[in-house]
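These notes concern the structure reproduced below.
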Amino acid sequence: MTALAWARRPRREGSIGWRVAAYALLVGLSATYLLPLLWMIATSLKTGPQSIQTPPSLIPNPLVWDNYPTALAKLGLGQALTNSMIYAIPSVIGTLISSSLVAYGFARISWPGRDALFIVLLATMMLPSQVTFIPLYVIYAKLGWVGTYLPLIVPTFLGNPFFIFLLRQFFRSIPADLSDAARIDGASELRILTRIVIPLSVPALITVGLFTFIDKWGDFFGPIVYLRDPKLYPLSVAVQTFQSSHKTDWPLSMAASVVIAAPLVIIYFFAQRKFIEGITLTGIKG
């Protein structure tokens, strides 16, 4: 073995050691982060006495699968799931349409006062939702929207400042030559957006869609304020109501919680590559 090889050997072994240590640290942190989820799933498969025994046991013995059908029957899963879809899916569509249109106007079209208005848009992100809650509620009440899903869905079609900012940053990373060539060919701005910009922005759009879906799927404050009929409650409110009436029945409560969390985990599992790509690429050009 040459002297150069001997010189490189310790460094290579050292880098492998650091890599193993880094992976071990990441695995440990991941296990710590997943522990509450594993505990929730394990509790959902326990009997009532086993869920409160001391010392606690992570592995159920025996496995009580009947907790899930019992919880779903008492929860009224069908109606609550339908209500969550009525709330979440239109909200995702409205957010994607409105935010992409506004973001394109800020990113690719030059017009007087664009930058100043964009600063005002960013300033609205600093307002806490509690500040605007009462005026918005009064407006919706006078429109006769309280008691329906309109106060929850219609605002999503008016744009979201954070998602507008996120998409603007992504749109600015797309080469302007593509848009200029399309304009020379006579394409309108809307056609450029739909045929060029949006197909190249799929990772960012998936990121926006996932963030919106997760927010609306787990939203508790909005539905509990604007919806008065329990038959309109989405899963987030239905599960909370269920847990309030089954405070000491931890297996049923955890089974209901697993049901509401499962769709989000499944969606993220299939869309994680595009989601991470959208987060990584957004904002590389300012």
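If you check Pro62, Pro90 for being of a type outside the set (A, V, I, L, M, F, W, C) and over 21 Å from the mean Cα position of the chain (by Cα), only one passes: Pro62.
For the stretch 25-62, the set of residues classified as open to solvent by less than 90 Å² (accessible area, probe 1.4 Å) and part of a loop (DSSP other than H, G, I, E, B) consists of Leu45, Lys46, Thr47, Gln53, Ser57, Leu58, Pro60, Pro62, listed by residue number. Determine whether Val208 is at pLDDT 90 or above, open to solvent by less than 70 Å² (accessible area, probe 1.4 Å) and closer than 14 Å to Ile109 by Cα. For Val208, the condition - at pLDDT 90 or above, open to solvent by less than 70 Å² (accessible area, probe 1.4 Å) and closer than 14 Å to Ile109 by Cα - is not met. What are the pairs with Cβ atoms under 6 angstrom where one residue, in the stretch 238-264, is touching a residue at least 60 places away in the same chain (Cβ under 8 Å) and the other, located anywhere, is of a type in the set (Lys, Arg)? Sequence gap at least six, or different chains. From residues that are touching a residue at least 60 places away in the same chain (Cβ under 8 Å), the pairs are Pro251/Lys46.
Every residue, every condition in (1) touching a residue at least 40 places away in the same chain (Cβ under 8 Å); (2) surrounded by 13 or more Cβ atoms within 10 Å (Cβ to Cβ), yes or no:
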| position | (1), (2) |
| --- | --- |
| Phe118 | yes, yes |
| Ala141 | no, yes |
| Trp145 | yes, yes |
| Pro151 | yes, yes |
| Thr156 | yes, yes |
| Leu166 | yes, yes |
| Gly186 | no, no |
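Could you look through the stretch 78-100, keep only residues that are more than 30 Å from Pro199 (Cβ to Cβ) and surrounded by 19 or more Cβ atoms within 10 Å (Cβ to Cβ), and pick out the one that is modelled with the lowest pLDDT? Here the answer is Ala80.
Every residue in the stretch 168-184 that is among the aliphatic types (A, V, I, L, M), in contact (Cβ under 8 Å) with a residue 24 or more places away in the chain and in a helix (DSSP H, G or I), please.
Of everything in the stretch 168-184, just one residue is among the aliphatic types (A, V, I, L, M), in contact (Cβ under 8 Å) with a residue 24 or more places away in the chain and in a helix (DSSP H, G or I), namely Ala176.
For Leu235, the conditions (1) under 26 Å from Leu63 (Cβ atoms); (2) open to solvent by less than 80 Å² (accessible area, probe 1.4 Å); (3) more than 16 Å from the chain's Cα centre (by Cα); (4) touching a residue at least 24 places away in the same chain (Cβ under 8 Å) all hold with the exception of (3).
Quickly run through the stretch 215-224 and pick out the residues that are assigned to a helix (DSSP H, G or I), open to solvent by less than 80 Å² (accessible area, probe 1.4 Å) and either out of contact with any Phe, Trp or Tyr (no Cβ under 7 Å at 6 or more places or on another chain) or without any contact (Cβ under 8 Å) to a residue 24 or more places away in the chain (or both).
Step one: list which residues in the stretch 215-224 are assigned to a helix (DSSP H, G or I), which gives 215-217, 221-224.
Next, from what is left, pick out any that are open to solvent by less than 80 Å² (accessible area, probe 1.4 Å): 216-217, 222-224.
Within the stretch 215-224, Trp217, Gly222, Ile224 qualify.
When Ser84, Ser91, Ser129, Ser98 are checked against the criterion of being of a type in the set (S, T, N, Q) and farther than 18 Å from Ile224 by Cβ, Ser98 stands alone in meeting it. Here is a check on your reading of the model: is Pro199 over 17 Å from the mean Cα position of the chain (by Cα), closer than 30 Å to Pro69 by Cβ and surrounded by fewer than 21 Cβ atoms within 10 Å (Cβ to Cβ)? No: the conditions fail for Pro199.
The values are calculated or read from the model by the stated rules, or taken from the named source; none is laboratory data. Predicted, not measured: the structure shown is a model, and the values here were computed from it. Don't worry about glycine lacking a Cβ; one is built from the backbone with ideal geometry, like all the others, and counts go over all protein chains shown. For accessibility, only protein heavy atoms count, side chains too; no ligands or nucleic acids. Shrake-Rupley method; radii C 1.70, N 1.55, O 1.52, S 1.80 Å.
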